[in-house]
Amino acid sequence: MVHMAETRWTTSAVEVAAAKARETGAEIVLAYLIPCECLKWGGLAVEEHVFSESERDDLQLYQAIATRYGVRLSVQKFQYENLEAGLIAAADALNADEVFAPVPHNSLPFLGDRQARHLSHALEAHRHHLYTVDQPAVTAGWTPEAHPVTE
């Protein structure tokens, strides 16, 4: 499962996830998490959410990456009140072994590490393994081998 977040981060994560999926014969599910309050304001159910034009462009990019690696990519929408709980619920619903999710950057590096460890432990308690992907995102000549997944 790849959390569909900021475009550059998600592009990098899909690239790495696709390489791993090709090796293991897995597929990729992009989890698009929508805050509950956004749905309430619009009076929508999560299934009724429509992707913006830029999100549709991003989805085409992610699909092209998966196609290049020969792996299947699908998109699932989830709502959440708390992002950490939402990631865990999405991973549970998808029965995901691996979860690619960005960890918020903090001006104090040790706090970012603490957040990553906390999210990792929370996911491990549900039998999911957290992967993060460092920035910068994909650039010319970028390969997964040159930018390994970090834990």
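Summing Lys and Arg as +1 and Asp and Glu as -1 over all other residues whose Cβ lies under 13 Å from the Cβ of Ala13 gives a net charge of -3.
Please work out whether the range 2-131 counts as rounded, prolate or oblate from its C-alpha gyration tensor, where a ≥ b ≥ c are the square roots of the eigenvalues and a/c under 1.5 means rounded, while otherwise a/b larger than b/c means prolate and anything else oblate? Here the range 2-131 falls in the rounded category. Overall, the range 2-131 carries a charge dipole of about 260 debye about its Cα centre when +1 sits on the Cβ of Lys and Arg and -1 on the Cβ of Asp and Glu, all other atoms neutral.
Rank the residues Ser54, Ser120, Ser12 as a footprinting-exposure proxy: fewest other Cβ atoms within 10 Å of their Cβ go first. Working shown, then result.
Working: Ser54 9, Ser120 19, Ser12 26.
If I rank by nearby Cβ atoms, fewest first, I get Ser54, Ser120, Ser12.
Summing +1 for each Lys or Arg and -1 for each Asp or Glu among the other residues whose beta-carbon sits under 9 angstrom from that of Tyr32 gives 0.
The ranking of Phe100, Phe51 from fewest to most other beta carbons within 10 Å of each one's beta carbon is Phe51, Phe100.
Just add up the charged neighbours of Ser54: K/R +1, D/E -1, any other residue whose Cβ is under 15 Å from the Cβ of Ser54. Show your work: numbers first, answer last.
Numbers: positive: Arg8, Arg56; negative: Glu6, Glu53, Glu55, Asp57, Asp58.
Net charge in that neighbourhood comes out at -3.
With neighbours defined as other Cβ atoms within 10 Å of a residue's Cβ, the residues Ile65, Ile34 order from fewest to most as Ile34, Ile65.
A short reminder: the numbers here are calculations on the coordinates, not readings from a lab. Model, not experiment: these values are computed from the prediction. All Cβ positions, even for glycine, are placed from backbone atoms using ideal geometry, and neighbour counts span all protein chains on display.
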